[in-house]
């Protein structure tokens, strides 16, 4: 038997992440699990390395980025998510999103990570890597990678399964 107590959906607010949220929300509701929705905000201070004389105080810009991400997560989570899944919206700062997702999962007792894939291939994939791929390789719990557009099997209404009868 599978037991899920904590489901983590990592979001970058893309369509792929929206699809992952649909899956994560359905799984959390079906298993009575807590739904965690995590956004990894880019750490501007890591971008400033080597800027020398152009170095400036990024605190205000960083705060704006993180506040904006919190607002977007709040907009994604419904009252039903909070009521049925004890939904938690989380924003963390990191220059390496895959590492931040894996660390949050490890420290938060996450049983399943759900994330969208960007569908990069070829040279783009080689140069940028894949956050989903890094998470799959590094996470200590199962990872569900949702490709968008995906095969739609999440439905909003409960489905009644009828037993096949032989005639």
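Each reported figure results from applying straightforward, stated rules to the coordinates on display, with no laboratory input. Values in this document were obtained by computation on a predicted structure and should not be read as measured data. Every residue, glycine as well, gets a Cβ built from its backbone with ideal geometry; the counts of neighbours run over all protein chains shown.
So how much slack lies between residue 138 and residue 26, counting 0.36 nm per residue of separation and subtracting their Cα-Cα distance, in nm?
Gain in length upon complete extension: 37.9 nm.
Give the order of 82, 148 when sorted by the count of other beta carbons within 10 angstrom, beginning with the fewest.
If I rank by nearby Cβ atoms, fewest first, I get 82, 148.
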